[in-house]
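Every number here is computed from the coordinates shown, using simple stated rules; none is lab data. Just so you know, these numbers come straight off a predicted model, no measurement behind them. Heads up, the Cβs are rebuilt from the backbone with ideal geometry, glycines too, and the neighbour counts pull from every protein chain shown.
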């Protein structure tokens, strides 16, 4: 299975860690809204809900098929769409300036997202999900916007799950070691 970005309410803790790091505790997301979303242009990605990915695996096990299946829900997401989901205006910024700002924040251990992630997002292809739909009979129950909205609601609620990567209690001060070792690095 080759899914787009996978979201659900309980993955909120991990999504926050991956993209915002230890300086953005869940409480911050409940109180502070970004004033605008920067748009360096050319970033379009696909998303899918965890339940829909699980259902695709279930169908693949029960169906005599071989090979890879792309999984994503409609619509594809660009920064204007994300701005609409977040309820904030979108401001066009030069891609080089956005990448430079991310690289500086990464070097200062302020964010866990490496500049390579920006490069990846700028070049990620859109997947054709027709084979999963036709051969597996897979249709997502959640559209991409619902999956993203659910994860964002989970961030605001501080949602997580009973596994170490998704456990809310492994955030915050328990991850302060990342200041010395680098955000996102392992001990």
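Summary of values
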read-out: Neighbour-count order for 92, 9, fewest beta carbons within 10 angstrom listed first; value: 92, 9
read-out: Label-to-label distance, nm, for residues given as residue 157 and residue 62 (7 Å Cα→Cβ offset); value: 2.7
read-out: All-pairs Cα distance distribution in the stretch 67-149, expressed in whole percent, bin size 5 Å; value: 3, 12, 15, 17, 20, 14, 9, 7, 3, 0
